[in-house]
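A quick write-up on the structure given underneath.
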Amino acid sequence: MDGELKRGSIEMTAAMLISGTIGWFVLMSGQPVTGVVFWRCVFGALTLVALAAMLGLIDFRQLKPRVVILSTLGGVAIVVNWLLLFAAYSRASISIATMVYNTQPFMLLGLGALFLGERITATKLFWLSVSFAGMMAIVSAKPGGGFDPDHYLAGIALSIGAAFFYAVAALLTKLLKGTPPHLIALIQVITGSIMLAPFALSAPLPQDAWQWTLLVAVGVVHTGIMYILLYGAIQRLPTHMTGALSFIYPIAAILVDRVAFGHELQAIQIAGSAAILLAAAGMNLGWSLRSIPLFKRAIRPGA
């Protein structure tokens with residue numbers, strides 16, 4: 001592995017491990033979801049500005065009206081995505097919320113077909129069916145760990161909503177091809193800060209140093225530093241490696257949920273989660289039926 005690939009792999013792995021721990025910080029902060037997302041945006045914006053200045057990435061010539069408008073709309077979508085996902089954690093557990101959230105490639109598939117004219121192939125429909133079956137398995141499960149059945153279903157619905165708004169943000173980002181990604185992220189978190197300021201600042205502020213520490217970590221580490229690592233990795237790695245390493249995120253989230261909160265998935269939830277991850281991998285890595293080892297053995301030339 002050459003130096004660029006090695007550095008990109010380390011950056012992507014670190015970014016995904018950081019992402020996988022955010023649920024713990026959100027729940028342990030004890031703050032309303034609007035407050036967590038607001039401070040994430042504020043501290044994230046400050047960190048992105050500082051890091052971009054240190055790395056010489058600030059270029060105001062990129063701030064064209066089209067970039068600002070589309071990035072702002074993407075900011076609204078990404079902030080709604082965070083609000084819904086963070087709200088799902090306490091209702092359906094970090095593990096389940098994260099697994100259902102991984103249906104986002106299929107949301108993007110539908111939006112791409114509607115607005116960008118992208119073709120939906122039979123293979124993509126197959127992976128969509130696998131993902132849907134996995135989600136139905138999760139929905140049909142009886143929630144464990146003291147989760148109320150109604151709250152469990154609400155958590156799943158919130159996770160689906162979060163995946164949809166993430167896909168909207170990704171679609172808008174696609175329209176900004178050639179724009180530095182850190183600039184898009186900076187506009188997005190500034191948008192979030194302005195959006196949520198009336199709600200967050202009218203509520204009681206965090207009361208102790210521990211809560212502030214967790215909120216600062218979510219903004220600095222899980223937003224500013226994570227975005228810089230992620231974008232650096234995307235620039236250095238081929239698409240298939242980026243897609244493969246992205247699955248560190250849900251695995252890390254499951255482990256954090258198990259170790260920190262003792263939430264153990266039931267057999268049907270494990271099966272449903274595996275189906276969603278398999279389908280997402282198939283979509284992200286461009287697998288066809290013939291490229292899967294199981295089918296390779298079953299479908300032989302001349303068979």
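Laboratory data are not the source of any read-out in this text; all were calculated from the coordinates shown. All figures in this text were calculated on a predicted structure; none of them were measured in a lab. Quick reminder, even Gly has a Cβ in these numbers, built from the backbone with ideal geometry, and neighbours come from all protein chains shown.
Normalised by 2.2 N^0.38 Å, where N counts its residues, the alpha-carbon radius of gyration of segment 69-147 equals 1.32. When each of Met135, Met54, Met241, Met195 is scored by the number of other beta-carbon atoms lying within 10 Å, the sequence from fewest to most is Met54, Met241, Met195, Met135.
Taking other C-beta atoms within 10 angstrom as a stand-in for reagent exposure, Ser202, Ser159, Ser29 fall in the order Ser202, Ser29, Ser159, fewest first. Here the simple spin-label model places points 7 Å from the Cα toward Cβ, and for Val49 and Ala197 these points are separated by 1.2 nm.
How high is the FRET efficiency from Met28 to Phe115, r the C-beta distance, R0 35 Å, rounded to 0.05? Show your work: numbers first, answer last.
Values: r = 39 Å, r/R0 = 1.10.
Efficiency computed from Cβ-Cβ geometry: 0.35.
When exposed loop sites are taken as trypsin sites (Lys or Arg not before Pro) in a DSSP loop with at most 13 other Cβ atoms within 10 Å, the longest stretch of the chain clear of them is 178-303.
Only one residue of Gln62, Tyr152, Leu83 has its Cα farthest out toward the positive end of the dipole of segment 3-298, where Lys and Arg carry +1 and Asp and Glu -1 on Cβ, and that residue is Gln62. Between Pro32, Ile18, Phe247, the Cα set farthest toward the positive side of the dipole of segment 3-298 (charges on each charged residue's Cβ, about the Cα centre) is that of Phe247. Multiplying the residue separation of Trp212 and Arg61 by 0.36 nm and subtracting their alpha-carbon distance yields 50.8 nm. Which of the aspartates and glutamates could a cross-linker bridge to Lys142, judged by Cα under 12 Å and excluding same-chain residues fewer than eight apart? Once the sequence-local aspartates and glutamates are set aside, what remains near Lys142 is Asp150. Per-residue extension of 0.36 nm, minus the Cα-Cα distance of Arg7 and Val259, leaves a gain of 87.8 nm for this segment. Peptides 106-117, 216-227, ordered by how many other C-beta atoms sit within 10 Å of their residues on average, highest first, read 216-227, 106-117. Which residues in segment 83-111 have a backbone N closer than 19 Å to a point placed 7 Å from the Cα of Leu285 along the Cα-to-Cβ line? Answer for this model: 99, 102-106.
Separation of the alpha carbons by more than 30 angstrom is noted, of Lys6/Lys174; Lys6/Lys64; Lys64/Lys124, for Lys6/Lys64; Lys64/Lys124.
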